[in-house]
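The structure appears right after this line, and notes come after that.
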Amino acid sequence: MSAMGSSRALQGIALMVAAVACFAALDTMTKITGAAVPVVMALWVRYLAQAALTGAVLLPARGRTLLRTRRPWLQATRAVTMVLSSVCAFFSLQVLPVGEFTAVVSLTPLAIALAAATLFGERMSALRWLCLLAGFAGALVVIRPGAGLEPAMLLPLAAVCLNAAYQLLTSVLTRTDGAGTTHFYTGCIAAVLLSAALPLAWTWHIDALHWWLLAGMALAGCAGHMFLVLAYARAPVGVLTPYLYLQIAFAMLGGWLVFGWLPDAWSLLGVAMIAASGVAGTAVAARERALPARPAARQAGAA
C-alpha cells in the first residue's frame, strides 16, 4: 500500500509540474497576443474550447449526469471570478514581465489561508502570519510601487484575490458536483457571458501567428486545469503545493526564450521571498495540522 501511495504521489507531482508548465505557456502566449487581439475575443476562444473539449471527453461516458449540479449559483459565481481573474491577468501581462506576474499570482495559497482565517475562523499561528507578510513584501519588491506606478501594475494583486475566491469555490463545488461538472460549467458559463460582448470585440484582422496563438492558449488553459484536477485527485495538497512555485521558473524561462528578458536583482529577490514564504507557509500549516493528532495517538498507545 505504501508503494502504491508513493506511486500515486509521484503521478500527482508529475501532473502538477505539467499543469504549471501549461499555465506558464498560457501566460507567455497571452502576453504576445495582448497587443493584437481584444481581450474579450481571446478569453471567449479559450473558454469555448474548455467547454467543447471537456464536453467531448466526458459527455460520452457520463451523459446527462455531467450536467447535474446542486449549486448552480455557485457554479455561476465561480465562472465569473475566473473570467475576472483572466481579465486582470490579460491586462497586467501588458505591463509586467511574465515571471514577475507569475510570482505575484503565486501568493494565492497564502491569500486562501488568510481568507480561511477571516471567513471560517481557522486558527493562524504567528509563523503563518509571518509567512503571509513575507510573501506580500516580496510582491511589493517585484512590483516596486513608486512615482511611476501604473494602475495596471496592481492588477496581479486583484488576480490573487480572485484566484483565492475561485479556488475556495472550487473546493466546495468539487465535493458536491464533481470536478468534471465544475470544469464543464465554468467553460460554458464563461463563454456565454463573453458572447454578449463578442460582437463589439471580434476582429478578423489578425495574422496567422495570432490565430495559432489563440488555439495554443485555449489548449494550454484547458489542459492545465485538467492536469491540476487530476493531480489533486492523486496526491494531498501539502505534497503538491510546493511544486506550484515551479510556474515562476517556467514563466521566467518563457520570458527569456520569447522576449529575451532577464530579471534584475530586485525582481529575483522578490520572487525568492514569495516562493520561500509559500513553501514555508505550507510546511508550517502541515505541521500544525499534525500536532493535535499526536496527543490522541499517545493516549491510544498508553491505553
Criterion violated by residue 192 - all others in (1) surrounded by 14 or more Cβ atoms within 10 Å (Cβ to Cβ); (2) more than 23 Å from the chain's Cα centre (by Cα) satisfied
(2)
Out of (1) modelled with pLDDT of 85 or more; (2) among the hydrophobic types (A, V, I, L, M, F, W, C); (3) touching a helix residue (DSSP H, G or I) at 6+ places or on another chain (Cβ under 7 Å), the one residue 164 does not meet is (1)
May I ask you to list the residues in the stretch 249-275 that are of a type in the set (Phe, Trp, Tyr), over 20 Å from residue 29 (Cβ atoms) and in a loop (DSSP other than H, G, I, E, B)?
none
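Within the stretch 1-40, how many residues turn out to be outside any helix (DSSP H, G or I) and either surrounded by fewer than 20 Cβ atoms within 10 Å (Cβ to Cβ) or modelled with pLDDT of 90 or more (or both)? Steps first, please.
Going residue by residue through the stretch 1-40, those that are outside any helix (DSSP H, G or I) are 1, 34-38.
Filter once more, so that each one left must be either surrounded by fewer than 20 Cβ atoms within 10 Å (Cβ to Cβ) or modelled with pLDDT of 90 or more (or both): 1, 34-36, 38.
The total comes to 5.
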Any chance you could count how many residues in the stretch 115-131 are surrounded by 15 or more Cβ atoms within 10 Å (Cβ to Cβ) and at pLDDT below 75?
4
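Is it fair to say residue 67 is within 29 Å of residue 245 (Cβ to Cβ) and out of contact with any helix residue (DSSP H, G or I) (no Cβ under 6 Å at 6 or more places or on another chain)?
On the way: within 29 Å of residue 245 (Cβ to Cβ): no; out of contact with any helix residue (DSSP H, G or I) (no Cβ under 6 Å at 6 or more places or on another chain): yes.
It is false that residue 67 is within 29 Å of residue 245 (Cβ to Cβ) and out of contact with any helix residue (DSSP H, G or I) (no Cβ under 6 Å at 6 or more places or on another chain).
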Name the single residue, out of those in the stretch 183-241 being β-branched (Val, Ile, Thr) and touching a residue at least 60 places away in the same chain (Cβ under 8 Å), that is farthest from residue 78 (Cα to Cα).
206
With the condition being of a type in the set (Asp, Glu), I'd like the helices (runs of 4 or more DSSP H) fully within the stretch 47-145 carrying at least 1 qualifying residues.
98-105
So, in the stretch 201-236, of the ones that are within 21 Å of residue 54 (Cα to Cα) and surrounded by fewer than 16 Cβ atoms within 10 Å (Cβ to Cβ), which residue ends up farthest from the chain's Cα centre (by Cα)?
212
Please determine, by comparing only the residues of the stretch 77-90 that are in contact with a Phe, Trp or Tyr (Cβ under 8 Å, 6 or more places away or on another chain) and either surrounded by fewer than 18 Cβ atoms within 10 Å (Cβ to Cβ) or of a type in the set (A, V, I, L, M) (or both), which one is nearest to residue 156 (Cα to Cα).
89
For residue 286, only one of the following conditions fails: (1) at pLDDT below 70; (2) exposed (fewer than 13 other Cβ atoms within 10 Å of the Cβ); (3) among the aliphatic types (A, V, I, L, M). What is its number?
(2)
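May I ask you to say which residue of 93, 43 is buried (at least 23 other Cβ atoms within 10 Å of the Cβ) and in contact with a Phe, Trp or Tyr (Cβ under 6 Å, 6 or more places away or on another chain)? Walk me through it before giving the result.
Details: 43 fails: in contact with a Phe, Trp or Tyr (Cβ under 6 Å, 6 or more places away or on another chain).
Checking each option against the conditions leaves just 93.
The values are calculated or read from the model by the stated rules, or taken from the named source; none is laboratory data. Everything numeric in this text was worked out from a predicted model, so none of it was measured. FYI the Cβ positions are ideal-geometry reconstructions off the backbone, even for glycines, and counts take in every protein chain you see.
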